[in-house]
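The values are calculated or read from the model by the stated rules, or taken from the named source; none is laboratory data. Small disclaimer: the values here were computed from a predicted structure and weren't measured. Here the Cβ positions follow ideal geometry from the backbone for every residue, glycine too, while neighbour counts run over all protein chains shown. Quick note on the areas: whole protein, heavy atoms, side chains included, nothing else; ligands and nucleic acids left out. Shrake-Rupley method; radii C 1.70, N 1.55, O 1.52, S 1.80 Å.
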Amino acid sequence: MRMRDDAILRGHGGRIDEAERLYPEAPQPWVDLSTGVSPYAYPIPAVDPDLYRRLPLGRDTARLADAAAAAYGRPAGTALLPVPGSEMAIRLLPLVLGAKARVGVVGRTYSSHAAAWEDAGAEVRPLADLPDPAARDLDVVVLVNPNNPDGALVPRPALLDFAARWSAAGRRLVVDEAFADVTPEHTLLALPSLPDGVVVLRSLGKFFGLAGLRVGFVAVPERAAMPWRRRLGDWPVSGPACAIAAAALSDAGWIAAMRARLAADRRRLDALLVGAGLTVLGGTDLFVLAEGPAGVDLVDRFARAGLLVRGFAHTPNRYRFGLPGDEPGWRRLEAACASFAAAAAGR
C-alpha cells in the first residue's frame with residue numbers, strides 16, 4: 001500500500017514533483033490546478049543580454065515601477081516599490097511594521113501572513129471580518145482582497161472607510177491585492193491618495209502567469225517607504241525580471257484580452273464542477289473554491305487521474321481548482337469529473 005503524506009499536497013500549491021513521486025502511475029503530463037497562477041503566461045519578450053551581465057540600474061527599477069503605476073494606479077505621494085515576489089514582502093512586514101505587534105488576519109486565507117508574524121513573535125488572531133477600530137486592541141490588520149481561496153471581496157468604498165478610521169487611530173492596515181488584476185475596480189491603488197498606515201501588496205506572477213519571475217510590489221505612503229528601501233537593498237529585482245515585468249504591465253491589449261479569457265474559463269470551470277455534483281463556494285477568475293461530499297478525498301481521486309488540486313487540512317471536503325491551460329487539460333478534468341459523478345451516483 002502506498003504511503004502518502006497528505007500535508008505535502010495540502011500545503012502550498014504547485015508541488016507537481018511531490019505529486020509525481022506519490023502517484024507514479026498517474027497519467028502524464030500532470031495538469032496542475034493547485035495554484036491561483038494563470039495557466040496563460042505572458043509571452044516573454046527578447047531580453048537584452050547585457051541585462052544578465054550587469055547589476056540592475058536605477059532606471060531599470062524606475063521603469064518597472066512606472067509600468068506598474070500605469071497598470072495598477074499610484075495614489076499621489078505613494079511609493080511603489082518592486083520586491084522579489086510578494087511572498088518576500090509578506091515576510092518583511094513584521095520587520096518594517098514591528099514584530100511585537102498585535103495582528104489580526106481577516107478570514108481564512110493563505111497561511112503565509114499569519115506564519116510571518118508568528119515567526120517574528122507577534123500575537124496573531126483570526127478575524128471573521130474587518131473589526132470595529134474602537135472595539136479592538138490590535139495594531140495591525142491584514143486583509144487579502146480578493147481573498148484566497150474563497151474570493152471574498154470587500155468593496156473599495158467600505159474598505160476605504162475602514163482604512164481611514166483605522167489609520168486615523170495610528171494603526172496599520174495591510175491589503176494584499178495579489179489577485180486584484182481580475183477585479184481592478186476594487187484596488188486601492190486607483191485612489192487619488194492612500195490613507196496613512198496603509199500598505200498594499202501586489203503580485204505580478206498570478207495574473208501574468210509568471211510566478212517564477214518573482215516580481216511583486218509594495219505600495220506605501222512615500223514618508224513610510226524608507227524602512228522598506230533599507231531592507232530591500234539596491235537590487236530587489238533582477239535586470240531581466242525588470243524588463244520582462246515592465247513589458248507585461250505595459251501591454252494593455254494583452255491585459256484586456258486575458259481578463260476576458262479568464263472570465264470565460266471561470267464560467268466553464270464553475271459549470272463543470274457543478275455538473276460533477278460539487279458546490280461552488282466562491283473564487284475569482286483565476287481559481288474556484290468548491291465543496292465535495294464528506295468522506296471522499298478528491299485530492300487523491302483527482303491525483304490518480306494526473307490532476308493536482310489544492311486540498312485543505314482544516315476543511316477536508318473543500319478544494320481549490322485552478323484553470324487548465326489547454327484543451328487536453330480541460331478534457332482530462334472533464335473525464336475525471338464525469339468519473340466522479342458516475343461513482344457518486346452509484347453509491
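Evaluation of ASP150 against the conditions (1) over 26 Å from ASN317 (Cβ atoms); (2) touching a residue at least 24 places away in the same chain (Cβ under 8 Å) shows that the sole unmet condition is (1). For the stretch 90-116, the set of residues classified as touching a Ser or Thr at 6+ places or on another chain (Cβ under 9 Å) and of a type in the set (A, V, I, L, M, F, W, C) consists of ILE90 only. Report yes if some residue within the stretch 266-284 is free of Cβ contacts under 8 Å to residues at least 60 places away in the same chain and in contact with a Ser or Thr (Cβ under 9 Å, 6 or more places away or on another chain); otherwise report no. Yes, some residue in the stretch 266-284 is free of Cβ contacts under 8 Å to residues at least 60 places away in the same chain and in contact with a Ser or Thr (Cβ under 9 Å, 6 or more places away or on another chain).
Residue by residue, here is whether (1) in a helix (DSSP H, G or I); (2) without any contact (Cβ under 8 Å) to a residue 12 or more places away in the chain; (3) farther than 13 Å from VAL31 by Cα; (4) open to solvent by 40 Å² or more (accessible area, probe 1.4 Å) holds:
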{"site": "ALA290", "(1), (2), (3), (4)": "no, no, yes, no"}
{"site": "VAL296", "(1), (2), (3), (4)": "no, no, yes, no"}
{"site": "PHE302", "(1), (2), (3), (4)": "yes, no, no, no"}
{"site": "ALA313", "(1), (2), (3), (4)": "no, no, yes, yes"}
{"site": "ARG320", "(1), (2), (3), (4)": "no, no, yes, no"}
{"site": "GLY329", "(1), (2), (3), (4)": "yes, no, no, no"}
{"site": "GLU334", "(1), (2), (3), (4)": "yes, no, no, yes"}
{"site": "ALA341", "(1), (2), (3), (4)": "yes, no, yes, no"}
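Of all residues in the stretch 60-115, those being part of a helix (DSSP H, G or I), under 16 Å from PHE179 (Cα atoms) and open to solvent by less than 20 Å² (accessible area, probe 1.4 Å) number 7. Only residues that are open to solvent by 20 Å² or more (accessible area, probe 1.4 Å), touching a Gly at 6+ places or on another chain (Cβ under 8 Å) and closer than 11 Å to LEU81 by Cα were counted across the stretch 197-235, and they come to 1.
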